[in-house]
Amino acid sequence: MPLHERDIYYFIDVTVAYLNKVTGNEIVLRDPTIEFQSLVFSAYTGLLHLKGGAEGFVYITASQEFLQHLYTARHSRGRFTEENCRDVMNDIATAIAHNVHKRFGPALHVSEPRIFSTVPDDPIEMPPAVFVQPFSWRNELAYFVLGLNSSQIT
């Protein structure tokens, strides 16, 4: 069961909806791109592997400053730490996984979020083309990245 194009937009929609909930609808979408040769990574990444109806991955990657803004939007107090970055990234990835599971059910298995800093130790196999949706908030960038086997898109 390949993913239809509208289903791909669902991944983006749930990500932006979650971020807009935290930011008060201040997320700005930038022009999306298709990457053929390299993956985009920032300071922190939340990765989900997809299996079943579609094979590949989805991840969000963001600068530390972007995550710090998200953290302070949700928590008015407290010191910002690396652990807070990981927690915020985990919250985003978990929200994506939860919503995708609600939409596709058992037809699409979504892994537990894997959170890491910079580039992962074990390489992520890059499909022939990867969809990248940049967005910004308070002059900081984050990227939504979706990579599916080419036969998985209709």
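The values are calculated or read from the model by the stated rules, or taken from the named source; none is laboratory data. If you're wondering where the values come from, they're calculated on a predicted model, not measured in any experiment. Cβ coordinates were reconstructed from backbone atoms using ideal geometry, including for glycine residues, and neighbour counts include every protein chain displayed. What goes into the accessible areas is simple: the full protein's heavy atoms, side chains included, and nothing from ligands, DNA or RNA. Shrake-Rupley method; radii C 1.70, N 1.55, O 1.52, S 1.80 Å.
Key figures for this structure:
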{"quantity": "Within region 1-17, tally of residues that are closer than 28 Å to residue 81 by Cα and either assigned to a strand (DSSP E or B) or out of contact with any Phe, Trp or Tyr (no Cβ under 9 Å at 6 or more places or on another chain) (or both)", "calculated": "2"}
{"quantity": "Residue list for region 18-46, filter: out of contact with any Pro (no Cβ under 9 Å at 6 or more places or on another chain), open to solvent by less than 60 Å² (accessible area, probe 1.4 Å) and not in a loop (DSSP other than H, G, I, E, B)", "calculated": "18, 19, 20, 22, 23, 35, 44"}
{"quantity": "Hey, residue 50 out of contact with any Pro (no Cβ under 6 Å at 6 or more places or on another chain) and part of a strand (DSSP E or B) or not", "calculated": "yes"}
{"quantity": "Residue check for residue 71: over 13 Å from residue 93 (Cα atoms) and in a helix (DSSP H, G or I)", "calculated": "yes"}
{"quantity": "Total residues in region 47-99, condition of a type in the set (A, V, I, L, M, F, W, C), open to solvent by 10 Å² or more (accessible area, probe 1.4 Å) and touching a residue at least 60 places away in the same chain (Cβ under 8 Å)", "calculated": "1"}
{"quantity": "Criterion: assigned to a helix (DSSP H, G or I) and at pLDDT 90 or above - qualifying residue of 60, 92, 115", "calculated": "92"}
{"quantity": "Within region 118-136, considering residues that are closer than 21 Å to residue 53 by Cα and assigned to a loop (DSSP other than H, G, I, E, B), the one most open to solvent (accessible area, probe 1.4 Å)", "calculated": "125"}
{"quantity": "Residues that are in contact with a helix residue (DSSP H, G or I) (Cβ under 8 Å, 6 or more places away or on another chain) and within 13 Å of residue 137 (Cβ to Cβ), drawn from region 1-41", "calculated": "15, 18, 19, 22, 23, 24, 26, 27, 29"}
